[in-house]
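The values are calculated or read from the model by the stated rules, or taken from the named source; none is laboratory data. Predicted model only: the values in this text are computed from it and were never measured. Counting neighbours? That spans all protein chains shown, and the Cβs are built from the backbone with ideal geometry, glycine included. Surface areas here come from the heavy atoms of the whole protein model, side chains and all, with no ligands, DNA or RNA. Shrake-Rupley method; radii C 1.70, N 1.55, O 1.52, S 1.80 Å.
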Amino acid sequence: ISFTYIAVVNKQARAFATLIIGFFSCMFIRESDGVLDKVYHGFWLVPALVVAFSCIIFAFKNRKGLLSTSARFFDSRYFYTLSCALVIILVFSRLAGMNYLWQTLLDGHYIRTIKNLAEEGTELLGYSLLAYSALGFGIEVHRLQKH
């Protein structure tokens, strides 16, 4: 929502915001694979590719502000928070959710609920940091827009 706001109110940042929106949308589609698997197993890839290519094409057609906005975002403190959030979501939570790891560590005392709690809690931390950084950058762009 924050990057959608940025795309609407700041024409120069629209291409960059569209790329971020596309990336987050693809993440959401991947997280929704349980629902999309009802069409067929692995169907999530179809809408994810449509969204990804659409956003990439739009961003590169309107690339005037892409580099400057990207540089501004990469230079902001919110980039580092967002990067940490993505590492937590895409890497660490997957490692924390590995059945083999938990079964090995807990030997005969493996309880799936504990593994799920650790995995989902880690994802919640990552998504909370992601929301903080997106909201913070949205507020920063809003303040700059006012001036």
(request) Please report, in Å, the Rg and the Dmax of segment 43-118, where both are computed over Cα atoms only. (result) 19.2, 59
(request) First measure r as the distance between the Cβ atoms of Asp33 and Gln12, then evaluate 1/(1 + (r/R0)^6) with R0 = 30 Å and state the FRET efficiency to the nearest 0.05. (result) 0.30
(request) For a quick protection proxy, order the peptides 15-22, 118-125 by their average other-Cβ count within 10 Å, most packed first. (result) 15-22, 118-125
(message) List residues of segment 76-91, by number, whose backbone nitrogen lies under 19 Å from a label position 7 Å along Cα→C-beta of Leu144.
(response) 76-83
(message) Going through the cross-link list Lys11/Lys146; Lys64/Lys146; Lys61/Lys146, which pairs have a Cα-Cα distance over 23 Å in this structure?
(response) Lys61/Lys146
(request) For the chain, give the magnitude of the charge dipole about the Cα centre (Cβ charges: +1 Lys/Arg, -1 Asp/Glu; no others), in debye to the nearest 20. (result) 800
(request) List the DSSP H helices in the chain whose Cα atoms stretch 20 Å or more along the helix axis and whose mean Kyte-Doolittle hydropathy is at least -0.5. (result) 14-31, 45-61, 112-146
(request) Take the Cβ-Cβ distance between Leu67 and Ser128 as r, set R0 to 35 Å, and report the resulting FRET efficiency rounded to the nearest 0.05. (result) 0.75
(message) Taking the square root of 5 times each eigenvalue of the Cα gyration tensor, what semi-axes in Å does the equivalent ellipsoid of the chain have, largest first?
(response) 34, 20, 11
(request) On the protein heavy atoms, probe 1.4 angstrom, tell me the percent of accessible surface of segment 1-122 carried by carbon and sulfur. (result) 69
(request) Estimate the FRET efficiency between Ala118 and Phe43 by the formula 1/(1 + (r/R0)^6), using the beta-carbon distance for r and 22 Å for R0, to the nearest 0.05. (result) 0.15
(request) Could you provide, to the nearest whole Å², the per residue accessible area of segment 14-140 with probe 1.4 Å? (result) 63
(request) Multiply the residue gap between Ile1 and Met98 by 0.36 nm, knock off their C-alpha separation, and tell me the result in nm, one decimal place. (result) 31.8 nm
